[in-house]
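Remarks on the structure that follows.
The values are calculated or read from the model by the stated rules, or taken from the named source; none is laboratory data. Note that the structure is predicted; figures quoted are calculated from it, not measured. A quick note on method: Cβ atoms are made from the backbone with ideal geometry, for glycine too, and the neighbour counts reach across all protein chains shown. Areas reflect the complete protein model, heavy atoms only, side chains present, ligands, DNA and RNA absent. Shrake-Rupley method; radii C 1.70, N 1.55, O 1.52, S 1.80 Å.
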Amino acid sequence: YFLDKSDKYDSRDVERLQQDDKWVENYLIWRHDVVDDTLKMIDESFQWRKEYTVNDLSESVLPKWLFEIGALFLHGYDKEGYKLFWFKVKHHTRDPKQQLDKKKLVAFWLEHYSKRDHGKPLTVVFDMAETGISHIDLDFVRFIVNCFTDYYPNFLTKIVIFEMPWIMNAAFKIVKGWLGPDAISMLKFTNKSDVQEYISGEYLPPHMGGTDSFKYSYPPLVDDDFQTPLCENGPITSEDEHESKEEIDADTKEAGDLNEAQNLNQKKMNSIEQISKSEETDKTEVKPKNAKKALTTFKGPLLHISPAEELYFGSKETGEKKCLIVLTNVTKNVVAFKVRTTAPEKYRVKPSNSSCEPGTSLDIIVSLHGGFAASLQDRFLIMAAEMDQSSGAGEPELTQFWKEVPRTKVMEHRLRCHVIESSKPSSLTLKDNAFNIPAKTNEDLHIQLTHLLQINRRLEEQMNRCLWFQQLSVVLSLLSVTVAAFCFYLAYAQRS
């Protein structure tokens, strides 16, 4: 494909394909590990990405009115913790002159989110309340469907269709034909009485039976988890004020022990260049006794962050209330960082605003306040930026630094929460002072899924063979009956 069509691809996509294993894996998963089908999808999606200049799409190159009407935006999460991609159909009208810009807006949002959150899947919500014939645009709907089926692999969890008018039933029968069997199972037709099976009321507007007071407006882009006022640390509650000195000292001692262990490991590294070359950067420095594999590490340009994607907390019953985030500075300068959360009333982060010296690691303790439980919707944002050698690292200097640093120079990484019901959750807890991992890793689940898909394909092949033999048997039976009847007819005719 590359030799024949290299001029039809964006070189940045080719480079990413060679470096990003997760991207390749998503293509394979979406095409059931059939290599030829996967190559065909990559070829088609790469040509589409260049045609639509996806890598260069930004707010500045798209008409401002597209963002202002609020037909497409990201906001909230479904019950499984997946981001919601809203399509307010009543704000869309057919206009061939505007169609290309509207399609580019869809590509902008999908690319914007996939790069920001590393390709985590989306749930699409078609809000069809107050819509009619004038809003039906099958070409545009087909484009959105194609984005998920052909261009963004393994990026769709479900399509929630709210209050589809009866007049559009015929149109959506056509849409089902475009989706294919895998995607058809993702269609969820809902109304006010059952939409909360998929999306909780806190992320549904009042007209859908929810309590979300969110009102779309532009600017800014409505795609951030952190839209509400934040404090960078949880508020001090009465329970925290009465926390005993022994508990505080214990926290400090445990955090100190972890820092000592990491400093010992750090001495084994001769330079920051060895960190970047070492294969161990994909794993945490502290290994559990019986773990199959260490937690993965997000390798950013300024900081390596462990864990890479999720903080594991226990439920109210298990009582596990603390997790550890390990930051490693991979630059030759001091890196300032801040930690923000979507639920500041629930979490305390220590430290939440500090700096990390070149080539060193630093531990951040995230703890739940008493009486609260972690939720799949809770998110943490780690912001980092390089500081000049001459800058101080005290609190006043950091405050001034964050006021002046350009947004383009700030590295951002997001972590989500995961609740473990078992008595031994997969997290680095201060009680056990060790990293534990889930019983089943993503690789294990992927292997099982691949195995199930292979079994499913074999069963389908066997069923198709059985159907073929059944049809052949029917045809042969009919021929036999016809021949027998003809023979009887000839015999009867001869006797006559």
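Tabulated data for the structure shown
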{"item": "Modelled FRET efficiency - R0 35 Å, Thr211 with Lys120, Cβ distances, 0.05 increments", "result": "0.90"}
{"item": "DSSP bridge pairs, segment 298-418: antiparallel proportion in percent, nearest 5", "result": "90 percent"}
{"item": "Nearest-0.05 FRET efficiency for Trp48 and Val481, computed from C-beta distance (R0 41 Å)", "result": "0.15"}
{"item": "Cβ-defined net charge surrounding Ser200, 12 Å radius [Lys, Arg +1; Asp, Glu -1]", "result": "-4"}
{"item": "Kirkwood Rh and Cα Rg combined as Rg over Rh, evaluated for segment 372-413", "result": "1.14"}
{"item": "Separation in nanometres of the label points that stand 7 Å from Cα toward Cβ, at Ile167 and Arg12", "result": "4.2 nm"}
{"item": "Kirkwood-based shape ratio for segment 28-112, expressed as Rg/Rh from alpha carbons", "result": "1.04"}
{"item": "Cβ-defined net charge surrounding Gly209, 10 Å radius [Lys, Arg +1; Asp, Glu -1]", "result": "0"}
{"item": "Stokes-Einstein D in µm²/s, Kirkwood radius over Cα pairs - segment 105-144 at 20 °C with 1.002 mPa s viscosity", "result": "177 µm²/s"}
{"item": "Cα coordinate range in segment 11-56, projected on the principal axes (Å, largest first)", "result": "30, 19, 12"}
{"item": "Per-residue SASA entry for Met164, accessible area with 1.4 Å probe, Å² rounded to 10", "result": "40 Å²"}
